[in-house]
Amino acid sequence: MNERDSEAMAAVLLEKGHEIVTDEKTADVLLFNTCSVRDSAERKAVGKVGILKRLKKIKPDIFIGILGCMAQRKGDELLKELPHVDFVLGTDQLGRLPEVIEKETKKREKISYTETNSDIIQGLGHHLIKNKTSEFISIMRGCDMFCAYCIVPYVRGREKSRPQDEIVNEAKKIVRLGIKEITLLGQNISAYGLNQRTNIRPENSPFAELLYKLNNIDGLKRIRFASPHPYFFNDNLINAIAELPKVCNSIHLPIQSGSDKILQKMNRRYDTAIYMDVIKKLKAKVPDITFSTDIIVAFPGETEEDFLASKNLMNEVGFDNAYLFKYSPREGTPAAKSENQIPAAIKEERHQILLADLSVRTTKHNKALEGTTLEILVEGPSKRNSERWTGRTTTNKVTIFDPCPSIKPGDLINIKIDRSTSMTLFGKIVS
Ligand code: 5AD
Ligand code: SF4
């Protein structure tokens, strides 16, 4: 989400005549778009901004701005903690960036704008499309779920969905510019367009309707999305994924924990039975489907038994990939106040156990693909070795191959896989 927001802001500034430089020493303006989801992300951002103190001493005219979630959470406090920072812009204030850079900072007063806004932020639909086949589109902002560990609803505010037409037009526009694959983004994407909520799981899915509309766009080849919440993952959405050829066969569906007790404490609103029901239905309808997930280990009160339930569920689903996090207390969230915090050593131990399990599984999954022929979307020369090219399978696996002159980025081609590692597939073009 932050990558997408940063790109949109860069595109807006370029349109206004600014230029992107590659070396921070030559920049007049330095912007940090920050994440607050875990403490480590915030510390990294503070560290990076801190390093610029020296540059600011040598070049006092540069402007340094902190944007996004940490800016929203800490506001003025950041200006005190990092006195060389000139301005702080919260999540609903990103649209003011050009005005802040071009006018307000000239006054040389410190600025902190963190007001929240109930309207969806405008001006973040711009894209930088150059040598790209794939692009993000944000379809909603904020989150109303208030999972007990999560800071997002506090820093990104209430859920706001963009109108369907606006999203479809944005997708058409970037497809006309050469994009072949879009990844739709939203903190609670399966709840897109569900403004009125009751305590019953909704049966309709405006998100599924959006997928049908996007699937009709000529020239668009693939659609991905992140991150859906299992509570809103109903049959309408399952059917859309099964029916729509452009929707990729890899679904990211965060489970967070395999223990029903912990899921309840997390305020996730589903149990493992509901989650497994979605997985089973999708596996039955889409034979080649793969799943990835997010799991938090050592949530307050997580016993050895709860942890083993997560480990077992990971095996039961057979996730193809997983983002595994150690619980990080976020000030102001209910879980941070819990007295049952788990010691750091146990957090680390549980994290390592799941990471090791995952690596064994991904290696095995990739090995099983050796000898098969897979369709990949061509991206272009590999970053490590430009003589070899890279692309991705519908299940989002990076695939390396030797190019041939008739193939260009954005093509869908068949590759016979002859080798693999836990991260990558290697193969040859099938003509
Ligand atoms: N600690 C650890 N991980 C967290 N996540 C969200 N909040 C926290 C936290 N306090 C994880 C969840 C979410 C992902 C984006 O980040 O797994 O799905
Ligand atoms: Fe955070 Fe996702 Fe829960 Fe929203 S649904 S509160 S973004 S973990």
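What follows draws every value from the coordinates through simple rules; no lab data is involved. Predicted model only: the values in this text are computed from it and were never measured. Don't worry about glycine lacking a Cβ; one is built from the backbone with ideal geometry, like all the others, and counts go over all protein chains shown.
Here are the numbers for this structure:
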item	result
Residue, farthest from ligand 2 (Cβ to nearest atom), within segment 327-351, restricted to residues that are farther than 11 Å from residue 299 by Cβ and outside any helix (DSSP H, G or I)	343
Inter-residue pairs, beta-carbon under 7 Å, first more than 20 Å from residue 183 (Cα to Cα) and in segment 237-261, second acidic (Asp, Glu) and surrounded by fewer than 18 Cβ atoms within 10 Å (Cβ to Cβ), 6+ apart	256/294; 260/271
Residue in segment 161-169 that is of a type outside the set (S, T, N, Q) and touching a Phe, Trp or Tyr at 6+ places or on another chain (Cβ under 8 Å) present	no
Sole residue being more than 15 Å from ligand 2 (Cβ to nearest atom), crowded, with 21+ Cβ neighbours inside 10 Å, in a strand (DSSP E or B) and not small (Gly, Ala, Ser), chosen from 279, 295, 251	251
Count - residues of segment 149-162 that are surrounded by fewer than 20 Cβ atoms within 10 Å (Cβ to Cβ) and within 16 Å of ligand 1 (Cβ to nearest atom)	2
Selection count where residues are among the hydrophobic types (A, V, I, L, M, F, W, C) and either within 16 Å of ligand 1 (Cβ to nearest atom) or surrounded by fewer than 16 Cβ atoms within 10 Å (Cβ to Cβ) (or both), scope segment 208-241	4
Selection count, segment 372-416, where residues are under 28 Å from the mean Cα position of the chain (by Cα) and part of a strand (DSSP E or B)	21
Criterion violated by residue 305 - all others in (1) more than 30 Å from residue 73 (Cβ to Cβ); (2) outside any loop (DSSP other than H, G, I, E, B); (3) of a type outside the set (Lys, Arg); (4) within 16 Å of ligand 1 (Cβ to nearest atom) satisfied	(4)
Complete set of residues in segment 410-428 that are more than 15 Å from residue 392 (Cβ to Cβ) and not polar (S, T, N, Q)	416, 418, 419, 428
Residue check for residue 107: out of contact with any strand residue (DSSP E or B) (no Cβ under 8 Å at 6 or more places or on another chain) and either more than 16 Å from ligand 1 (Cβ to nearest atom) or without any contact (Cβ under 8 Å) to a residue 60 or more places away in the chain (or both)	yes
Residue that is farthest from ligand 1 (Cβ to nearest atom), among those in segment 163-193 that are farther than 30 Å from residue 409 by Cα and buried (at least 21 other Cβ atoms within 10 Å of the Cβ)	192
Set 324, 354: member being surrounded by 12 or more Cβ atoms within 10 Å (Cβ to Cβ), within 16 Å of ligand 1 (Cβ to nearest atom), in a helix (DSSP H, G or I) and in contact (Cβ under 8 Å) with a residue 12 or more places away in the chain	354
Some residue of segment 123-130 being more than 30 Å from residue 396 (Cα to Cα), under 21 Å from the mean Cα position of the chain (by Cα) and of a type in the set (Val, Ile, Thr)	no
